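The values are calculated or read from the model by the stated rules, or taken from the named source; none is laboratory data. Not measured: the values here are computed from a predicted model. All Cβ positions, glycine included, derive from the backbone under ideal geometry; neighbour counts span all protein chains shown. Side chains included, ligands, DNA and RNA excluded: accessible areas come from the protein's heavy atoms. Shrake-Rupley method; radii C 1.70, N 1.55, O 1.52, S 1.80 Å.
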Amino acid sequence: MQVLKEEVRQNILSAAKKLFHERGYRKASIRDIAKKAGISEGNVYRYYDGKESILEAIVLPAYDKIMEVISFSERMIGEGEAYSFKKFRNVINSSILRIAKNFR
């Protein structure tokens, strides 16, 4: 059994991100992703079940950060923090903008 390599996994994700951005999710194929990553199409399937699981791997880190912001917001509300709506909105907005920038 061959060990999966993190570098190959990251190359697949990087190639998929570029192709999804350039062509859109629907028009990017596993074959295209494999070619851009410099590996065989079959090797892509050793790492991911298909295009949808690649997209999930790309989106999951941003999703996790968004969930952290929501959790933080719920704690602020639950603890009765004396934030004005404006300050609360600014905290949320800056967090979401930071996430968008980091995971673009």
Kindly indicate which of 73, 53 is at pLDDT below 90, open to solvent by less than 60 Å² (accessible area, probe 1.4 Å) and either more than 18 Å from the chain's Cα centre (by Cα) or farther than 28 Å from residue 93 by Cα (or both). 73
Which condition breaks for residue 7 when tested against (1) modelled with pLDDT under 95; (2) more than 19 Å from the chain's Cα centre (by Cα); (3) among the charged types (D, E, K, R)? (2)
Determine the pairs where a residue that is of a type in the set (Asp, Glu), located within the range 31-54, has a partner that is surrounded by fewer than 18 Cβ atoms within 10 Å (Cβ to Cβ) and at pLDDT 95 or above with Cβ atoms under 6 Å apart, the partner being 6 or more residues away or on another chain. 41/30; 41/31
Test residue 28 against the stated conditions and say whether it is free of Cβ contacts under 8 Å to residues at least 24 places away in the same chain, surrounded by 11 or more Cβ atoms within 10 Å (Cβ to Cβ) and within 18 Å of the chain's Cα centre (by Cα). yes
How many residues of the range 1-25 are without any contact (Cβ under 8 Å) to a residue 12 or more places away in the chain, closer than 26 Å to residue 99 by Cα and not small (Gly, Ala, Ser)? The answer is 6
With the checklist (1) under 30 Å from residue 91 (Cα atoms); (2) more than 13 Å from the chain's Cα centre (by Cα); (3) hydrophobic (A, V, I, L, M, F, W, C) in hand, flag the one item residue 39 doesn't pass. (1)
